[in-house]
Amino acid sequence: MLPEDMVAQQRVEQAAHEVFARFGYGEIRTPMFERTELFVRGIGEATDIVSKEMYTFDDRGGRSVTLRPEGTAGVVRACLEQNLFKQSPVHKLYYVGPMFRYERPQAGRYREFWQAGIEAFGVSDPLIDAEVLVCAYEFVAALGIKPVEIRLNSIGNEERPAYIEKLKDYIRPRLADLGGRDQERFEANPLRMLDSKDARTREMLADAPKVADHLSSESVEHFEAVRRLLDKSGVPYEVDPYIVRGLDYYTRTVFEITTDGLGAQDAILAGGRYDDLVSEVGGQAVPGIGFAAGLDRLILAMREQDVAIDEGSRHDVYVVTIGDDTRETAFEALTALRRAGMRAEMDHQGRSVRAQMKTANQLRVPYVVVLGEDEIAQQEATVRNMDDQSQETVPLAELASRLSARSNP
Ligand code: ATP
Ligand code: MG
């Protein structure tokens, strides 16, 4: 990512820091790689991520390590290792960082990509499901991305194995007609067939038993409460019985957010509740819910939708020198300007005044400071206002304070 790419990247990262903090989440940074075992246990052997997308290798000590393919497992591992859940089960954390998956690279799908996500631990109440969803919505909305389509579902918890059996009973006699990939899924992860992109599979599943009709009364109540809270918050969503999510660890609430202009890679954020993940990884039963947003896709969507990304003026002032003997005084002035908080620059190659002015114009600085031998003899500088081309003479000692007062009134 070059500096011009980083303008959008920083904007998205800053929105994550700002919005997540407003919702009461604190930042956590976990290592870029973990023991392979953590992901295999946490994410699940039958998932796409673990079965074919991980960057796994042995380190010099012969331990199998994996570049993190997602953020949640590492956060859970860190919380357990730091005994956070012993102090209190409730922790609200967020992360921003790169993730790694061995996928086929294409538009919106990379082998190294960025995610920002939040995790709320220790709360079973549907209020927290709604909080996480409202936070997701506000984050995407803060970036100016429209439309924000939230698809929501509940996949239950203890009742899910019985539902999966019903689903398999429905699919089994129709299995021979399906593509090889979905046949594999039938064995390894039948629930995943519900979000298959294969048209044949989708058609076949139109009349399949729906998980919503097989939820326990507790799960139904939970889901209804989440929906009520979203309605009250004015967050638009659609219930989509085919959203099941790819990871094993989800329970009850699952969701995805999509937007326009991204082609097949239109999912910009996804998440759900994971009440069994913490106990799976470390013993203690601590409920959790969270989401991860794909920053690269958010940026693609912003560009696609012509969201104005403030490139800002990357320089406030350019110092032009006339003659070699003025360069050291110019450097002093430059340092004073920078110390006063201004983005100040000068020429480093001893170029002509014409070339320096050309650079100043290209940088679109609001002010140019001109230093010639006459000015220096008087301990003064000429300040040119680039908007109206007016000029004035300013004592060198006052240059930084006067210009910074004008730039940050
Ligand atoms: P997809 O269905 O597109 O493969 P996923 O279900 O694998 O997505 P999650 O694991 O839920 O994605 O990750 C959350 C978000 O991270 C996605 O919605 C997407 O925006 C982003 N993301 C996932 N994989 C990639 C990737 N390889 N490159 C860029 N962004 C990604
Ligand atoms: Mg994927």
Angle in degrees between helix 327-339 and the longest Cα principal axis of the chain, rounded to the nearest 10
40 degrees
Quick check: residue separation of GLU158 and ALA377 times 0.36 nm, minus the Cα distance between them. What number comes out in nm?
70.4 nm
Each residue of segment 209-222 in order: what ³J(HN,Hα) in whole Hz does its phi give by Karplus 6.51 cos²θ - 1.76 cosθ + 1.60, θ = phi - 60°, with x for Gly and Pro?
x, 9, 4, 4, 7, 10, 7, 5, 5, 5, 5, 4, 4, 4
Would you mind classifying segment 317-402 by shape? Square roots of the alpha carbon gyration tensor eigenvalues, ordered a ≥ b ≥ c; an a/c under 1.5 is rounded, otherwise it is prolate if a/b is larger than b/c and oblate if not.
rounded
With the Cα gyration tensor of segment 125-167 giving a ≥ b ≥ c as the square roots of its eigenvalues, does the rule (a/c under 1.5 for rounded; else a/b larger than b/c for prolate; else oblate) give rounded, prolate or oblate?
oblate
To make sure I understand the rule: partners must be lysines, Cα under 30 Å from the Cα of LYS197, and not fewer than 8 residues away in the same chain. Which ones qualify?
LYS52, LYS146, LYS166, LYS168, LYS210
Compute a Gaussian network model of the chain, connecting alpha carbons closer than 10 Å, and tell me which residue from ASP296, ASP324, ASP169 fluctuates the most.
ASP324
Once the dipole of the chain is set up from charges on Cβ (+1 Lys and Arg, -1 Asp and Glu), the residue from the list VAL220, LEU371, VAL140 lying farthest towards its positive end is VAL220
Hz values of 3J(HN,Hα) by residue in segment 227-236 - Karplus curve (6.51, -1.76, 1.60), Gly and Pro given as x
5, 4, 5, 5, 4, 5, 7, x, 9, x
Ranked list, fewest to most other Cβ atoms within 10 Å of each Cβ, for ASP310, ASP374, ASP248, ASP240:
ASP310, ASP374, ASP240, ASP248
With SER217 itself left out, Lys, Arg at +1 and Asp, Glu at -1 over residues whose Cβ is under 11 Å from its Cβ give -4
Cβ density ranking, 10 Å radius, fewest first, applied to SER352, SER219 yields SER352, SER219
Rounded Å value of the spacing that divides the Cα centres of segment 150-170 and segment 207-283:
12 Å
At a 10 Å Cβ-Cβ cut-off, how would you order HIS315, HIS17, HIS222, HIS348, fewest neighbours first?
HIS348, HIS17, HIS315, HIS222
If you put +1 on each Lys and Arg Cβ and -1 on each Asp and Glu Cβ, how big is the dipole of the chain around its Cα centre, in Debye rounded to 20?
520 debye
Putting +1 on Lys and Arg Cβ atoms and -1 on Asp and Glu Cβ atoms, find which of GLY97, LEU396, LEU337 reaches farthest to the positive end of the dipole of the chain.
GLY97
Running a GNM on the chain with Cα contacts under 10 Å, which residue among LEU191, LEU396, LEU229 ends up with the highest mean-square fluctuation?
LEU396
Quick check: the angle from helix 353-363's long axis to the longest principal axis of the chain, C-alpha only, nearest 10 degrees?
30 degrees
I'd like to compare 333-343, 147-157: which one has the highest average count of other Cβ atoms within 10 Å, and what's the full order after that?
147-157, 333-343
Restricting to bridges with both residues inside segment 317-402, how much of the DSSP beta-bridge set is antiparallel, in percent to the nearest 5?
55 percent
Regarding segment 110-235, what whole-number volume in Å³ per residue does the convex hull of its Cα atoms give?
164 Å³
For the chain, just run the numbers: alpha carbon Rg, then divide by 2.2 N^0.38 Å, N being how many residues it has.
1.29
Taking Cα centroids, how far is segment 1-70 from segment 104-126 in Å?
8 Å
Given the options THR321, THR36, THR72, state which has the largest fluctuation in a GNM of the chain using a 10 Å cut-off (strictly under) for Cα springs.
THR321
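Readers should treat all values here as calculations from the given coordinates under stated rules, not as data from a laboratory. All values reported here derive from a predicted model rather than from experimental measurement. Cβ: placed from backbone, ideal geometry, glycine included. Neighbour counts: every protein chain shown.
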